[in-house]
Amino acid sequence: MPKNTEIEKILVIGSGPIVIGQAAEFDYSGTQACQSLKEEGYTVILANSNPATIMTDHTIADKVYMEPLTVEFLSKIIRKERPCAILPTLGGQTGLNLAVALNESGILAECQVQLLGTSLEAIKKAEDREKFRTLMEQLNEPVPPSDIVTSVEAAVNFAEKIGYPLIVRPAFTLGGTGGGMCDNREQLEHIVQNGLKLSPVSQCLIEKSIAGYKEIEYEVIRDKKDQAIVVCNMENMDPVGIHTGDSIVFAPSVTLTDRENQLLRKVSLKLIRALEIEGGCNVQLALDPYSFQYYIIEVNPRVSRSSALASKATGYPIAKIAAKIAVGLTLDEIINPITGTTFACFEPALDYVVTKIPRFPFDKFVSGDRKLGTQMKATGEIMAIGRNIEESLLKGIRSLEIGNGDLYLQNLESISEKEIKNRLEHADDERIFVIAHALRRGMTIDEIYHITKIDPLFLRKINHIIELEKEVALQSFHLETLEKVKQFGFSDIQIARLWETTEEKIYEYRYENNIFPVYKKVDTCAGSVESTAPYFYSTYEQENESIRTDQKKVIVLGSGPIRIGQGIEFDYATVHSVQAIKEMGYEAIIINNNPETVSTDFSVSDKLYFEPLTLEEVMHIVRVEDPIGVIVQFGGQTAINLAEGLRKRGVTILGTSLEAIDRAEDRNKFEQLLEDLNLTRPKGKAITDKKIVHETAEAIGYPVLVRPSYVIGGSQMEIVHDEEELSTYLQKIPAIKSNKPLLIDQYITGIEVDIDAISDGKTTFIPGIMEHIERAGVHSGDSIAVYPPQRLSESVKQKCLEATDKIVKELEVIGLVNIQFIIHEDDVYVIEVNPRASRTIPFLSKVTGITMANLATKCILGESLQNKGFTTEIYPEPENVYVKLPVFSFEKLRSVDTTLGPEMKSTGEAIGYDSTLEKALYKGLTASGITIPFEGSVLITVADKDKAEAYKIAKRFYELGFQLYATEGTAKYLSDKNLPVMAVGKIGTDKKNVLSIIQNGEVQFVVNTLTSGKQPRSDGFRIRREAVEHGIISLTNLDTSEAILHVIDSATFRARLITEKGVLEA
Amino acid sequence: MTMTKRQLILADGTTFIGKAFGGSANVSGEIIFNTSMTGYQEIISDPSYYDLITLFTYPSIGSYGVNRDDFESLSAKVSGVIVKEICSEPSNFRSEETIDQLLLKHNIPGIAGIDTRMLTRILREKGAVKGMISNLDVDREEIIIKLTNEKEKDVVQNVSTTRPYIVPGRGKRIVVIDMGMKHQILHELTERDCHVTVVPYDYSEEDILQFKPDGIIISNGPGNPKAVTTTIHTVKSLVLKTSILGIGLGHQIIALACGANTKRLPVGSFGNNFPVKDLQRNQTWITTQSCRYTVDESTLKDTDLTISYRSINDHTIQGLAHKIYPVISVQFQPEGAPGSNETNFIFDTFLKELANNQMNNGGLLHA
Ligand SMILES: Nc1ncnc2c1ncn2[C@@H]1O[C@H](COP(=O)(O)OP(=O)(O)O)[C@@H](O)[C@H]1O
Ligand SMILES: Nc1ncnc2c1ncn2[C@@H]1O[C@H](COP(=O)(O)OP(=O)(O)O)[C@@H](O)[C@H]1O
Ligand SMILES: [Mg+2]
Ligand SMILES: [Mg+2]
């Protein structure tokens, strides 16, 4: 059936900032969709407030609006652009929710915009838990007994009828926000109360728990001719009860017979047909391990995280096909892009095993609640491909970059039997390691099965790995054993542990004996048809399918799973680098393992190796490809960390040299560097001996900033104000060692500035300087960044340029460098030099129009900046103001303190731009999900050191007409200064207290600063958490508060008093 | 499980050494690959695979074991099995034995641990490839000579029932000519209340008609359709007399009986993900297939056959309908097993058309 020719302009809605439950997968699907629609000749208008995405590049859509994803702003775009249609099914839950809201607002009817892909009726039927249940009843499909409630009492009544345990699921929330399992009435009341608040329609579904069933997913596609297929099915290793986003997942299913598979396939197709979805859809099912009884868990009438995974797992690009279907093409006329000869109307056949493992943020949120449940907590995921489950799983584990990549955690050695059992029963992020450990200790598969309900087949596979380990340990340097375990995915590191030798020795041994993997293609058809797609994975087998071409080639290392501190920004840079390499006429090869991203779309590079980013795996690819070199600048710390090992093995690192990287990252060398260049940095020392920590801190002078060396995103970095806090801190961090020193720095208050520069070795070009709203001390990834800077003098900017140029010249930077400064009274302190692409690259590229990663790659490959018309300068600044705002996922991460500090906590970013800072901030805040209240009340409760400053803030709130609440100390301070303020009681006092006013929604803002140290569960902590959990704006930084006040001020009118002679009160 | 080694030698001399499992017989024959990811039990017991050495492209076979319900015939039918990895500890609530045990019981040899993707590539590129699975002591040259001289055997006679039997029902009377029928065809018929008589492939026209069938189904089965001359002969006259549905081999026999010709496919189609278009409804379905032969389209012009289904990928004929008589046929397996039975409406269509016959035959429309 031909495509729809009645429409020509299509508005695609993106998914906005990255939060847990809605991550890079929507950049991948959105990018594919836009390209796919353009291919068909449509004009594509894109709305997405996330500047870190590839999809917001001007080459992807015809017009890009990085405006807040709200009805207000989308309506403006619709009125201005007059699109004929909207495609909302590629922007996650955000896209769908917006489509519904836009429709309700009447704008779609007013502007005669039609909805493509999924009808509103279908969205509602799938997303509204009650309508969904009704539909299932009509279709005669089973769902667990449940009830929709709009009050806590109703929930309790229902619970009494069907009994515990129960699952609570708020309607229309992302990634299960606010949901959870409850075993008793108390838990039920708590969760429901919360859930009702979080649900935009104040509805919760209370459902009988079916935890322990197999959780199976089907990715299905349907077209308007009612042709429907299954792209892939997937089996969760972790049974129902643990969110699929947090589960280890295998594709295709492993323990299902064809009959079970067909049963569930049929149901899935029945559902997509009943919902009349034109495009992709995800169906989650629960299957009783002991019968054919199944339940439908949910249907997502759109592409999802799972469909990104299924696309990468099979090679079948779901989003691309879904977009074509949305404009009327049908499956039997769309060509399968991977084979180029067959049609999209078929079901992919795999001849390998795919494993997906989630990546959790608990290396950063050490005190967070690590238990897994029905609410998703992972920030990212990896995928691995192998020819058996063991190989696939082990490759996956080393892709996670946890520890040294081995299925082994040293710290589990010391835990008790009881604790192991406890951790098996209450799964947490380290579950797979705990299981391996339990098996090593001799726990039986049966025992573990009874505790975890993980299918014995998976447990046996893990056990097989443990058995193989034992076999390996028995025979050092035994060739046959080595060859055998290599086929089961053992890494050199793992074998080295068992043979008590080094990774290097194993590598040499393999080299001598010529034991190397081969590469197989991912081709959607299990080899039955020849495929041209350059998509490979390694395995230890006979025939190699990756043929080296004659072209000169460059390998780019990706950045692995998305985690806090290393997000989608690095994928953006990777993709741009690949494009530049191609433009320069080289073959661009990419290695990465993140299934959610654009970089792992096989059509982006000339060759894609879907592999773990380890020295071992990268070396194997280097051996097959013989590139002119490897680029490590764009893959974040993941890639940088591989540079040294690669160099040692004789690989050329393109761009900035390894020595330079080391001089920037090694603390002592870095100090020396700055000293040589006569640049100032905060006083500081690297300490390798615990004894002198206190005296050093004393000598530098409190407050000081402390952190372990070599970390991403400021892990475990804290500002410490006195001796006592320092002692508390020392107890929390791993032991100080000579190779793992503790860094102590003088803490400097001042304006923090981020600079990204590009150099070819001669010219140092700075596309832009970004100034942070929050003073130094809040991690650069968590502060609001403003471009162009608003508070820096010309001379300070020049100083920054000079310092940058000096550093660049001295380090002989080729490519990108990121430098962070603190400006204190016109002095410029250098705090950090990152000789690689940084988080700000996509944002700056977009607002300055300079495609930085592309340009940097060209420098790396030998082009001169001068020839391209660039000089050593700061690129002229524009008139308008652009702000980048951090976005957090605190709702999903219980027990994580929301206070901003030197350790990064945000998961994503949003952009706001307009003619003034206030307007830009307003948009940025809106885009980041904050609805700014222009009236109401504010609760202020701050540390003593902040009281004076807080007064100014309180005063402004008061002047803008806000009612002030404060805790006793703060209230006294404020009322002493004549501000009318209502004191509220401490936590636990029965009358109106600090928590109750939050819980009852009596305040719109909470301004709270950290008291001292980091005692978890302090009152301040509870206040902050309570605010987050009730969706109330919680400001933990006075600079952020002030910025928001500016915004409110600029958009409201205060009641002003006329004093004598008509003068207005100040 | 035994850990002895075993070899697989192709007619061109290509040799794979792998691990032995299943029975210990040495077998030779054509090697085909199947791309299904589930359904190995059904495939191994499907008579259409009789005498074929079957390679599973999915690398791990046996993970859910073997149960008593999912057989497609009384025994395992493939002549040998080639896999990347065999799972010896299956997990499924219905599992009763392992695939190794099943094959051992029927003395069917298996070879594991070889690069099955490489072998798939060879099969895809070379088309019909013969090979032999044997113990290591069998001489390579001898094997090659044997493989080059080997002739295609008559296979249907080995899988068809030797005497007729009845699966009683109260609905329409169907005679199934058993060319190597899958049990799932019977399931589909009994689910529709049919009274089924299954007869041997060489049953004569008179013998068949004595059952007063409302319709006849010619089942799936193995081998070259041209080899079953008796059945072709019988079908030639049956076409003029009653309603017929042909499936798989049955479809090819109808084509031959109606004057068309069949030919070998360059590469056999075995798996459960083949898209086939219903030309009348312009709708594509995912089908299960197991065939090495196809009806030659160029030979249709002098016949009364029209094409009703076509493969969207290789454009081969997937279904035929007779212009004059109520005779239809499909190349694929509408019953699935393994794979989807989303095209099992073909049984409904066929049975609905039989209402008149049923009356004429003296049957009751409503029992
Ligand atoms: N009735 C239930 N009993 C136990 N666990 C459940 C139940 N329903 C859902 N779950 C678990 O909760 C997870 C999230 O539920 P789901 O409906 O898929 O919400 P989301 O929109 O967050 O994906 C599922 O992946 C499943 O493991
Ligand atoms: N000496 C200092 N004084 C004040 N703030 C600092 C100092 N050093 C670092 N910071 C703050 O800590 C944050 C993180 O430090 P940084 O060295 O950039 O670590 P990362 O490697 O995580 O980016 C910075 O963004 C800055 O706000
Ligand atoms: Mg879900
Ligand atoms: Mg930094």
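The values are calculated or read from the model by the stated rules, or taken from the named source; none is laboratory data. Bear in mind that the values here come from a model prediction, so they are computed numbers and not experimental data. Cβ sites come from the backbone with ideal geometry, for glycine too, and all protein chains shown count toward neighbours. Calculation scope for accessible area: heavy atoms of the full protein, side chains included, ligands and nucleic acids excluded. Shrake-Rupley method; radii C 1.70, N 1.55, O 1.52, S 1.80 Å.
General remarks:
- Checking each residue in region B:166-175 for being touching a helix residue (DSSP H, G or I) at 6+ places or on another chain (Cβ under 7 Å) and either surrounded by fewer than 24 Cβ atoms within 10 Å (Cβ to Cβ) or not basic (Lys, Arg) (or both) picks out B:Val167, B:Gly169, B:Ile174, B:Val175.
- Restricting region A:270-300 to residues that are polar (S, T, N, Q) and away from ligand 3 (no atom under 15 Å from the Cβ), the residue that is nearest to the other protein chains (Cβ to nearest Cβ) is A:Ser291.
- Out of B:Ser290, B:Ser308, one residue alone is under 30 Å from B:Asp214 (Cβ atoms), in contact with a Gly (Cβ under 6 Å, 6 or more places away or on another chain) and either within 13 Å of chain A (Cβ to nearest Cβ) or not aliphatic (A, V, I, L, M) (or both). It is B:Ser308.
- Search result, residues across region A:228-267 that are polar (S, T, N, Q), under 26 Å from A:Gln22 (Cβ atoms) and open to solvent by less than 10 Å² (accessible area, probe 1.4 Å): A:Asn236, A:Thr244, A:Ser247, A:Ser253
- Tally of residues being touching a Leu at 6+ places or on another chain (Cβ under 7 Å) and either open to solvent by 70 Å² or more (accessible area, probe 1.4 Å) or away from every other protein chain (no Cβ under 13 Å) (or both) across region A:454-489: 6
- Residues being more than 11 Å from every other protein chain (Cβ to nearest Cβ) and open to solvent by less than 10 Å² (accessible area, probe 1.4 Å) - total across region A:335-357: 5
- Failed criterion for A:Gly929 (all others in (1) of a type outside the set (D, E, K, R); (2) open to solvent by 20 Å² or more (accessible area, probe 1.4 Å); (3) outside any loop (DSSP other than H, G, I, E, B) hold): (3)
- Selection status of A:Val847, assigned to a helix (DSSP H, G or I) and touching a Phe, Trp or Tyr at 6+ places or on another chain (Cβ under 6 Å): yes
- Of the criteria (1) more than 13 Å from ligand 1 (Cβ to nearest atom); (2) assigned to a helix (DSSP H, G or I); (3) more than 14 Å from every other protein chain (Cβ to nearest Cβ); (4) not aliphatic (A, V, I, L, M), which one A:Ser306 fails: (1)
- Flag for B:Glu42 being within 8 Å of chain A (Cβ to nearest Cβ) and touching a Pro at 6+ places or on another chain (Cβ under 7 Å): yes
- In region A:251-269, the residues that are more than 10 Å from every other protein chain (Cβ to nearest Cβ) and within 30 Å of the chain's Cα centre (by Cα): A:Ser268
- The residues listed here are B:Val235, B:Val199; of these, the one that is assigned to a helix (DSSP H, G or I), away from every other protein chain (no Cβ under 14 Å) and of a type in the set (Val, Ile, Thr) is B:Val235.
- Those strands (runs of 3 or more DSSP E) of region B:59-175 in which at least 2 residues are away from chain A (no Cβ under 14 Å), over 30 Å from B:Gly363 (Cα atoms) and touching a strand residue (DSSP E or B) at 6+ places or on another chain (Cβ under 8 Å), considering only elements entirely within it, cover B:80-82, B:109-112, B:129-134.
- Of all residue pairs spaced 6 or more apart or on separate chains, those with beta-carbon atoms under 9 Å, a first member in region A:12-29 that is assigned to a strand (DSSP E or B) and a second member that is among the charged types (D, E, K, R) and open to solvent by 10 Å² or more (accessible area, probe 1.4 Å) are A:Val19/A:Glu891; A:Gln22/A:Arg305.
- If you go through region A:949-978 and pick out every residue that is within 37 Å of the chain's Cα centre (by Cα) and small (Gly, Ala, Ser), you end up with 3.
- Selection of region A:779-808 for residues being open to solvent by 10 Å² or more (accessible area, probe 1.4 Å), in contact with a Leu (Cβ under 7 Å, 6 or more places away or on another chain) and in a loop (DSSP other than H, G, I, E, B) yields only A:Gln790.
- Residue count for region A:58-75, restricted to those that are touching a residue at least 60 places away in the same chain (Cβ under 8 Å), in contact with a strand residue (DSSP E or B) (Cβ under 8 Å, 6 or more places away or on another chain) and open to solvent by 10 Å² or more (accessible area, probe 1.4 Å): 4.
- Applying the criterion of at least 1 residues that are at pLDDT below 90 to the strands (runs of 3 or more DSSP E) found wholly in region A:147-240 leaves A:166-170, A:180-182, A:204-208.
- Contact map, region A:113-124: residues that are open to solvent by 30 Å² or more (accessible area, probe 1.4 Å) paired with residues that are of a type in the set (Lys, Arg), Cβ distance under 6 Å, separation 6+ or inter-chain. Pairs shown: A:Lys124/A:Lys131.
- Here the condition is being within 28 Å of A:Asn592 (Cβ to Cβ), away from ligand 4 (no atom under 16 Å from the Cβ) and within 26 Å of the chain's Cα centre (by Cα); of A:Pro239, A:Pro317, it holds for A:Pro317 alone.
- Residue ID - nearest to ligand 4 (Cβ to nearest atom), chosen from residues in region A:823-833 that are open to solvent by 10 Å² or more (accessible area, probe 1.4 Å) and at pLDDT 95 or above: A:Tyr829
- The set of residues from region A:377-400 being under 20 Å from the mean Cα position of the chain (by Cα), buried (at least 24 other Cβ atoms within 10 Å of the Cβ) and part of a loop (DSSP other than H, G, I, E, B) comprises A:Lys377, A:Ala378, A:Thr379.
- Among residues of region B:312-336 that are within 14 Å of chain A (Cβ to nearest Cβ) and under 14 Å from B:Ile217 (Cα atoms), those with a Cβ under 6 angstrom from a residue that is at pLDDT below 95 and surrounded by fewer than 24 Cβ atoms within 10 Å (Cβ to Cβ), sequence gap 6+ or separate chain, pair up as B:Glu335/B:Asn341.
- Among the residues of region A:448-490, those identified as free of Cβ contacts under 8 Å to residues at least 60 places away in the same chain and not in a helix (DSSP H, G or I) are A:Gln475, A:Ser476, A:Phe477, A:His478.
- Within region B:337-354, the set of residues being open to solvent by 30 Å² or more (accessible area, probe 1.4 Å) and away from chain A (no Cβ under 14 Å) comprises B:Asp348, B:Thr349, B:Lys352, B:Glu353.
- Qualifying residue in region B:12-33 (condition: part of a strand (DSSP E or B) and in contact with a Phe, Trp or Tyr (Cβ under 7 Å, 6 or more places away or on another chain)): yes
- Residues considered: A:Leu811, A:Leu792, A:Leu816, A:Leu844. Of these, the only one that is closer than 23 Å to A:Pro876 by Cβ, more than 16 Å from ligand 1 (Cβ to nearest atom) and either more than 28 Å from the chain's Cα centre (by Cα) or within 14 Å of another protein chain (Cβ to nearest Cβ) (or both) is A:Leu792.
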